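Take a look at the structure set out below.
The values are calculated or read from the model by the stated rules, or taken from the named source; none is laboratory data. Keep in mind it's a predicted model, so treat the numbers as computed, not measured. Every residue, glycine as well, gets a Cβ built from its backbone with ideal geometry; the counts of neighbours run over all protein chains shown. Only protein heavy atoms, including side chains, enter the accessible area calculation; ligands, DNA and RNA are left aside. Shrake-Rupley method; radii C 1.70, N 1.55, O 1.52, S 1.80 Å.
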Amino acid sequence: MSLYEKTGYLNSEFKMFHLSDNGLEEFNFHYHDFQKIILFIKGNVTYCIEGKSYFLKPYDVILVGSGEIHKPIINDNSTYERIIIYVSTNFVNSYKEKSYDLNYCFEKVKSENSNVLRLESLKNSKLYKVFKELENSYNDYEYANELYRKILFLEFMIQLNRAAMNNNISYIETYESNTTISRIIEFIHNNIKEDLSIDIISKSLFLNKYYLMHLFKSETGYTIGNYITSKRLLLAKSMIDNNISVTTACYECGFNSYSAFSRAYKKQFGVSARNN
């Protein structure tokens, strides 16, 4: 079993789903090797991403980056309805010039330290109109329907990025977030290529190491060591996907042993790093 559960697969540039669940279904923490956009429609849901929690309101837009560990928590029996778009990271990154970058919105949420966008009157916006046109295009079987869907998707991404730059949008604050967990995750992210033993993390954050290990496991469901290894493997995969050599990716991502890296990579992704 991989250190974290990888769910969802994407064999195209993007994919769209309209989903509804009833009842108190439990979701595990998981990640994707692509980016994910969610339009929350209704339900009583708290969304957890990388140690932060957000209480959602209808028509919030959630942006989950590639490799980010996340899950929804369903708070009652009301219907949980949402529209999800899986987006190929390489596809989005291919639309980057001096005057635009379709990946800007994912970078913006990182800088704002919030994964959730809340736009006033979203249902009256151009963004929502294009979003619904994109959803309806999946029932369109007319001439050049796949090309038309791609054009709509690109228009949607343009509108989403414009919204991310707009002063009328809010990046909502975390809800009931454990600030200690957030500090731990931020420290790991900032030092992922360095030595990250439990002793080093606990001393750097002035935390008892046994408290640190217990807290992280209780809050995320995973050991801190497994989290670090998963993050390093995801970073290595991204580097390899961008034509960086496997050996370079191994050591640049904080692994001290190539054989240990190779075994962990195959266990996590099901393929050899050299066959990726």
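In the range 171-194, the residues that are over 19 Å from Glu252 (Cβ atoms) and in a loop (DSSP other than H, G, I, E, B) reach residues that are at pLDDT 85 or above and open to solvent by 30 Å² or more (accessible area, probe 1.4 Å) with C-beta atoms within less than 6 angstrom, at least six apart or across chains, in these pairs: Ile172/Arg118; Tyr175/Phe55. Candidates Glu112, Glu107, Glu68, Glu50: the one that is modelled with pLDDT of 90 or more, within 22 Å of Leu235 (Cα to Cα) and among the acidic types (Asp, Glu) is Glu107.
Which of the residues that make up the range 110-146 are among the aliphatic types (A, V, I, L, M) and closer than 16 Å to Tyr59 by Cβ? Listed by number, the residues that qualify are Val116, Leu117, Leu119, Leu122, Leu127, Val130, Leu134. Looking for something modelled with pLDDT of 90 or more and within 22 Å of Val109 (Cβ to Cβ) - is there at least one such residue anywhere in the range 134-141? Checked the range 134-141: at least one residue is modelled with pLDDT of 90 or more and within 22 Å of Val109 (Cβ to Cβ). Against the conditions (1) of a type in the set (D, E, K, R); (2) assigned to a strand (DSSP E or B); (3) open to solvent by 60 Å² or more (accessible area, probe 1.4 Å), Lys71 satisfies every one except (3). Of the residues in the range 87-102, at least one is in a strand (DSSP E or B), modelled with pLDDT of 90 or more and surrounded by 14 or more Cβ atoms within 10 Å (Cβ to Cβ). Scanning the range 204-263 for residues that are part of a loop (DSSP other than H, G, I, E, B) and open to solvent by 70 Å² or more (accessible area, probe 1.4 Å) yields a total of 5. When you scan the range 105-123, do you find a residue that is out of contact with any strand residue (DSSP E or B) (no Cβ under 9 Å at 6 or more places or on another chain), open to solvent by less than 80 Å² (accessible area, probe 1.4 Å) and under 10 Å from Leu160 (Cβ atoms), even just one? Checked the range 105-123: no residue is out of contact with any strand residue (DSSP E or B) (no Cβ under 9 Å at 6 or more places or on another chain), open to solvent by less than 80 Å² (accessible area, probe 1.4 Å) and under 10 Å from Leu160 (Cβ atoms). Of everything in the range 20-47 that is modelled with pLDDT of 90 or more and touching an Asp or Glu at 6+ places or on another chain (Cβ under 7 Å), the residue that is most open to solvent (accessible area, probe 1.4 Å) is Lys42.
Scanning the range 111-146 for residues that are charged (D, E, K, R) and assigned to a helix (DSSP H, G or I) yields Glu112, Lys123, Lys126, Lys129, Lys132, Glu133, Glu135, Glu146.
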